Structure formats: C-alpha cells, structure tokens
Amino acid sequence: MKPYAMLSLVVLALSASAHEFNDDYGDTAAISQPVTMGSNVLGRIEIDVDEDWFSFQSSYSTNKEIIVTVATGTLWNSTAGLSAPDGVMTLVGTDSVVSVTSRVSWIHIGPPVTYFVRVAGFASFTTGTYTIAVNELPFQDDDHDGMADAWEIACFGNTNQPASGVSGDYDQDGSFNIDEFRAGTQPTNEYSRLRVTGLSATNGPSSVSWAAEPYRFYDVEVSTNLMVGGWDYLGTVTNLNSLGTLRYDDPTVPVSPIRFYRVRCL
C-alpha cells in the first residue's frame, strides 16, 4: 500500500480597508478634507468601496451658484454629490458614465455655511485618479430679473415670468416670484410660500411660528406700531434640516400691549 500525503490548505479571506491602499482623504463628512474656493485638488479612488469627502464654505450670497466639477484622470467613471450642511442630505448628484466629467451645481442664498462633496467610483472595480474643483460664480440670468434661468425653466418651463409687479405672482399666493426663488418655495403652488403659521401670546414672552424650507436662514422682527417706528430685529433662525415648521420664542416681556411680528428669508 502506498502512503498518501494529506495536505490541508486553509485560505483566509481578509477584508481590506481603503486605508491599506494609502487612502488619501476622509471617507465621511465628519473627517472631510477642507478645500478652498477656486482650488483644484488631486484625488484617488483606491478601491471600489473607497469614498473621498471634501468640505468648503460658501460666501454670503443672494446670487451665487456653487459649481463642483470632478474631472476623471485614470478614474474611468465617477459619481459626485453635493451634500447639505448636515453632511447627510444630498442636494444634487451626478454620474459620469459616458462623460469624463461630473458636474453638480447649487444656488446658495443666505449667510456663509459649510457644504460637503462626496466623490466615489460609479461601479465596482472602478479606481483611479481625478481632480475636483469648487467654484462660486454668479448664476446664469440672461433676462436680468434676479432669478436663475435654470430655476425659472424648471418651475415655469421658460424665462418669461416677471420677478415682481402686477403679473409677478404666478400662483397668486401673495408672494412675488423672486421672493419664492429666494425663499426656496414653489412659485406654481399657492400652498407653498413663506408665511406665519402660529402665534402664541401670554402675559409673558410670546412665540411666532412659520413654514420653513430646508437650508434657509430667517430673520425675525417685531414692531409695536405698524404706522411709525419700523421693525426691530429680534434674532436669526437657521434651518439646516428639512421642510417643516420653525418657531422663535421672543425673550422680551412686552411693554406695549400690541406686538406685531414678521419673518424674512435672508
């Protein structure tokens, strides 16, 4: 009888993390790489599960469009997404399946805030280099009405609607088209507009509530006489979450028995 040699082969499947492949940038918004406006940054997707996150701060703006461009080098296709200040919600995204460039844009209105960009491979086994550029430019407004052409086309199908005036309120809800543009509401929906929805008045401090849109900034003002004296600033409320109701609690114990409130979108 011939002796038989038995060989036992044990194969261990090791999961490789992106950092074992010299990953260059953070994989989440929390550890994103800060970039300055107008700069070009070279990145690399190391393995197909790798993600690169970047962060930047917008300026104070009422007429600026943020443009993020991801140009592929050896990365043959990519996905790019501009994320909101919460680092979770994706405002806009694109995939460069056919094109070598992914481009996303977002019109920022209001005080400075930090945004995030996620870059990754579009499909499995997609690796390689890319460059990312973040710029902030005046948005396209060929008719010079203060409203972005892209927004007008998306809402109305054309750029023929006036910003304000007699015919500048498309849905007849009391808000001019340009005010709806700035507030982030829908100009073709009469139920979508910036409006006070509640007022709580007691012997002490009172509070005012309103319908808010995501990623907008609001000033709350007060007046004791609508005829004279104007409006006094109370505070600013930032909405970095989703559609819903915001409330401001007036810390002042009113001296006057009459108190008017208004809310403005910055």
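Quick notes on this one:
- Thr114 vs. criteria within 24 Å of Ile31 (Cα to Cα), touching a Phe, Trp or Tyr at 6+ places or on another chain (Cβ under 8 Å), surrounded by 14 or more Cβ atoms within 10 Å (Cβ to Cβ) and without any contact (Cβ under 8 Å) to a residue 60 or more places away in the chain: yes
- Test: Ser164 is of a type in the set (S, T, N, Q), closer than 30 Å to Thr245 by Cβ and surrounded by fewer than 16 Cβ atoms within 10 Å (Cβ to Cβ): yes
- Matching residues, the range 198-217, being free of Cβ contacts under 8 Å to residues at least 60 places away in the same chain and closer than 26 Å to Met89 by Cα: Ser209, Trp210, Ala211, Ala212, Glu213
- For the residues Ile109, Ile132, the requirement of being within 30 Å of Val49 (Cα to Cα) and surrounded by 19 or more Cβ atoms within 10 Å (Cβ to Cβ) singles out Ile132.
- Hits in the range 54-80 - residues which are assigned to a strand (DSSP E or B) and of a type in the set (A, V, I, L, M): Ile66, Ile67, Val68, Val70, Ala71, Ala80
- Against the test of being without any contact (Cβ under 8 Å) to a residue 40 or more places away in the chain, among the charged types (D, E, K, R) and loosely packed, with under 15 Cβ neighbours inside 10 Å, the options Glu190, Glu180, Glu152 yield a single qualifying residue, Glu190.
- Candidates in the range 210-235 are the residues that are modelled with pLDDT of 90 or more and exposed (fewer than 14 other Cβ atoms within 10 Å of the Cβ); of these, the one that is nearest to Phe116 (Cα to Cα) is Gly235.
- Verdict on Phe125 being at positive phi, in the same structural domain as Trp53 (by TED's automatic domain parsing) and out of contact with any Pro (no Cβ under 6 Å at 6 or more places or on another chain): yes
- Residue under evaluation Leu137, criteria (1) among the aliphatic types (A, V, I, L, M); (2) part of a strand (DSSP E or B); (3) surrounded by 15 or more Cβ atoms within 10 Å (Cβ to Cβ); (4) under 17 Å from the mean Cα position of the chain (by Cα), criterion not met: (3)
- Total residues in the range 167-177, condition under 19 Å from Gly110 (Cα atoms) and surrounded by fewer than 19 Cβ atoms within 10 Å (Cβ to Cβ): 1
- Positions within the range 161-212 being assigned to a helix (DSSP H, G or I) and among the aliphatic types (A, V, I, L, M), in sequence order: Ile178, Ala183
The values are calculated or read from the model by the stated rules, or taken from the named source; none is laboratory data. Keep in mind that what you see is a predicted model, and the values were worked out from it rather than measured. Cβ: placed from backbone, ideal geometry, glycine included. Neighbour counts: every protein chain shown.
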